[in-house]
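Undergrad: Would you mind keeping the following structure in view while I ask a few things?
The values are calculated or read from the model by the stated rules, or taken from the named source; none is laboratory data. Everything quoted here is computed from the prediction, not taken from an experiment. Using ideal geometry, Cβ is built from the backbone for each residue, glycine included, and neighbour counts are taken over all protein chains shown. Ligands, DNA and RNA are excluded from the accessible area calculation, which covers all protein heavy atoms including side chains. Shrake-Rupley method; radii C 1.70, N 1.55, O 1.52, S 1.80 Å.
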Amino acid sequence: KCMLGGELLDGPGCYYPATLLVDVTPGMPAYDEELFGPVVTVFRVTDAEAAIKMANDSAYGLSACIFTQDIKRGESIAKDHIQAGTVSVNALVSSDPRLPFGGIKRSGFGREMAAPGIHEFMNMKTITIR
């Protein structure tokens, strides 16, 4: 169910308005695929364990956000339970050229930015001589 947005606006350009979706279930593209753009899906869960399970119920793993009043618990969930290449606690995910960025699962292999990112784009050669 689309609660906000979802309709292309008249006029020039390729603008897509912010969109809010609710009642999204497995099997729907908004549940099963990576969404890029101003689209938010809202899910109801009973507790943190159910939220973790739902967050990890994906073939993708680019990034995730955890919002909590208990910073230590948020850090623990981010470190030990969330399957994503980048996890932000009490902040939106953003890339920073000083930090490696990239996904896991079907969201990619390797990292860009920072020292690990530089190595991803290098062609190294090994030469052995006897």
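Undergrad: Counting only DSSP beta bridges with both residues in the chain, tell me the antiparallel percent, nearest 5.
TA: On the way: 5 of 12 bridges.
Counting only bridges with both partners in the chain, antiparallel ones make up about 40 percent.
Undergrad: With every protein chain kept in place and ligands, DNA and RNA left out, what is the accessible area per residue of the chain? Probe 1.4 Å, answer in Å².
TA: Counting only protein heavy atoms, the per-residue value for the chain is 77 Å².
Undergrad: With a Förster radius of 35 Å, plug the Cβ-Cβ distance of VAL42 and ARG73 into 1/(1 + (r/R0)^6) and report the FRET value to the nearest 0.05. Mind showing how you got there, number by number?
TA: Numbers: r = 22 Å, r/R0 = 0.62.
That pair, VAL42 with ARG73, gives E of 0.95.
Undergrad: Give, in nm to one decimal, the length gained when the segment between GLU112 and ALA50 is fully stretched (0.36 nm per residue of separation minus the Cα-Cα distance).
TA: Details: separation 62, 0.36 × 62 = 22.32 nm, distance 3.13 nm.
Fully extending the segment from GLU112 to ALA50 adds 19.2 nm.
Undergrad: Moving on to the next point. Would you mind calculating the gained length between ALA59 and ALA30 on full extension (0.36 nm times residue separation, minus the Cα-Cα distance), in nm to one decimal?
TA: Details: separation 29, 0.36 × 29 = 10.44 nm, distance 1.29 nm.
In short, 9.2 nm is gained.
Undergrad: Tally up the carbon and sulfur contribution to the accessible surface of the chain as a whole percent, 1.4 Å probe, everything protein left in place. All intermediate terms of the calculation are to be shown ahead of the outcome.
TA: Numbers: 5700 of 10050 Å².
Summing carbon and sulfur atoms, their accessible area is 57 percent of the total for the chain.
Undergrad: Hey, if we sort THR68, THR128 by accessible area with the 1.4 Å probe, largest down, what's the order? Mind showing how you got there, number by number?
TA: Working: THR68 45, THR128 120 Å².
Result of the area sort, largest leading: THR128, THR68.
Undergrad: So, one more: Using amide H atoms built 1.01 Å from N in the peptide plane, name the residues 5+ places from ILE66, or on other chains, whose amide H lies under 5 Å from its own.
TA: Placed amide hydrogens put SER88, VAL89, ASN90, ALA91 under 5 Å from ILE66.
Undergrad: Which three extents, in angstrom, do the Cα atoms of the chain have along their principal axes, listed largest first?
TA: Principal-axis extents of the Cα atoms in the chain, largest first: 69, 45, 28 Å.
Undergrad: So what is Rg over Rh here for region 62-130, counting just Cα atoms and using Kirkwood for Rh? Don't skip to the answer; put the middle values down first.
TA: Values: Rg = 16.1 Å, Rh = 13.8 Å.
With Rg and the Kirkwood Rh in hand, the quotient comes to 1.17.
Undergrad: Now for a separate question. Could you derive backbone 3J(HN,Hα) for region 7-22 from the dihedral phi with the Karplus parameters 6.51, -1.76 and 1.60 (θ = phi - 60°), listing whole Hz in sequence and x where the residue is Gly or Pro?
TA: Couplings: 10, 5, 8, 5, x, x, x, 10, 7, 10, x, 3, 10, 10, 10, 10 Hz.
Undergrad: Scale the Cα Rg of region 12-76 by the rule-of-thumb value 2.2 N^0.38 Å and send over the ratio, two decimals. Walk me through the numbers before you get to the answer.
TA: Values: Rg = 14.0 Å, N = 65, 2.2 N^0.38 = 10.7 Å.
Computed over Cα atoms of region 12-76, the ratio equals 1.31.
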